[in-house]
1. Probe 1.4 Å, all protein chains in place: accessible area of GLU311 in Å², nearest 10?
2. Can you give me the angle between helix 189-202 and the longest principal axis of the chain, using Cα atoms only, in degrees from 0 to 90, rounded to the nearest 10?
3. Test of understanding: what is the full-extension gain from PHE252 to ALA62, defined as 0.36 nm times their sequence separation minus their Cα-Cα distance?
4. Give the accessible surface of the chain per residue, rounded to a whole number of Å², with probe radius 1.4 Å and ligands, DNA and RNA excluded.
5. My understanding is that a pair violates if its Cα-Cα distance is over 31 Å; which of LYS142/LYS244; LYS114/LYS142; LYS114/LYS296; LYS114/LYS143 do that in this structure?
6. In whole Å, what are the Cα extents of segment 172-307 along the three principal axes, biggest one first?
7. If the chain between ASP197 and ALA22 were fully stretched, how many nm would it gain, using 0.36 nm times the residue separation less the Cα-Cα distance?
8. Averaging sequence separations of C-alpha pairs under 8 Å and six or more residues apart, then dividing by the length of the chain, give the relative contact order as a whole percent.
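The values are calculated or read from the model by the stated rules, or taken from the named source; none is laboratory data. Just so it is clear, the structure is predicted and the values come from calculations on it, not from any experiment. Cβ: placed from backbone, ideal geometry, glycine included. Neighbour counts: every protein chain shown. Heads up: the accessible areas ignore ligands, DNA and RNA and are worked out on the full protein's heavy atoms, side chains in. Shrake-Rupley method; radii C 1.70, N 1.55, O 1.52, S 1.80 Å.
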Amino acid sequence: MSDNRFGKLFSVTTFGESHGPAIGCVIDGCPPGIAISAEEFRADLDRRATGKTRHTSQRHEADDIEILSGVYLGLTTGTPIALLIRNTDARSKDYSGIAEQFRPGHADYTYHHKYGIRDPRGGGRSSARETTMRVAAGVIAKKWLAENYGIRIHAGINQIGSLQADMPQDVDWSVVEGNPFFWPIASQIGELETLLDATRKSGDSLGARVFVIASGVPVGWGQPVYGKLDAEIAAAMMSINAVKGVEIGAGFAAVSQPGSIHRDLISADGFLSNQAGGILGGISTGQDITCQIAFKPTSSLRLPGNSLDTEGNPVEVVTTGRHDPCVGLRAPPICEAMLALCLMDMALRHRAQCGDVPAQTPLVPSRPL
């Protein structure tokens, strides 16, 4: 299998390359009767897009969605939904000088050895351009989750390079959406702009940490062994370009926590904490699902770096063209989409197996961390 598909009952197959004529996806297993139009994709696609500020790549794509199938009279029909976006601002000539070289930190080397051939234009299939279609599919999943369960999914960034946000207990999402960094602390925006400007001018790059929260998820989603909800979420996030680490709940901080702190005590008023990130035994608890994702610094740099060409000869690589000083700046909507796709797939899987289980009122009301 080539594994270009995500999900089991609600599955998304993406296709296309960064500098090809178009990118697209096919969504299978979508329930019928969901009202959807091309205009509904615009907001999230714009949030993910490059070229909106000086802090991202200056590639300007229209990202206009074409709905090719699966929607009739404005409603999903239950048949495969095909979505297409034409590439309108590719500059393949930017990559002509490195077509026979392996860029350090990129998939050039591994694609070459796996397939014996690769598309060097913008990284081809390995480009973050592919995530555009994940965001598009996520629009449908987020809408279905909100309409059927009241689930809301939001993401932001709480670390860029060594600069960290002092996370508030209750995130003001209007602040997060009101700045180009998806940052939760308004008073730090000036410092971030200075940091990113200096990084861009130096020719270097920075990593980022994204946090994503899903509220309103019912108790009971996820499988107890090989389909654990946290395992599925981790796999979903790790499939995103440039991701090198995923934490659920307390994550790696759990290593230094004594069990008396890490366990989430239960009272008649609900869970007293959420170190588990809303998942116990691979199954949702009804609390907020919390996840953090680490994105590596961009490897496309104009700073020279040693590498090899396809013949095995030493070369000095300099990457030209349009690149992000921090690829994580476009990641929050992508992480939201992958969490939505995962949760919708889990909802349908839960309904398929446990749809006949009598509805139960949770014995313990849950509340967010």
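1. Per-residue accessible area (GLU311): approximately 150 Å².
2. Taking the Cα atoms of the chain, the angle to 189-202 is about 30 degrees.
3. On the way: separation 190, 0.36 × 190 = 68.40 nm, distance 3.96 nm.
Here the answer is 64.4 nm.
4. Values: 17170 Å² over 369 residues.
About 47 Å² of surface per residue is accessible.
5. LYS114/LYS142; LYS114/LYS143
6. 56, 39, 28
7. Values: separation 175, 0.36 × 175 = 63.00 nm, distance 3.17 nm.
My answer for the length gained is 59.8 nm.
8. Numbers: 748 pairs, mean separation 79.1, N = 369.
Here the relative contact order equals 21 percent.
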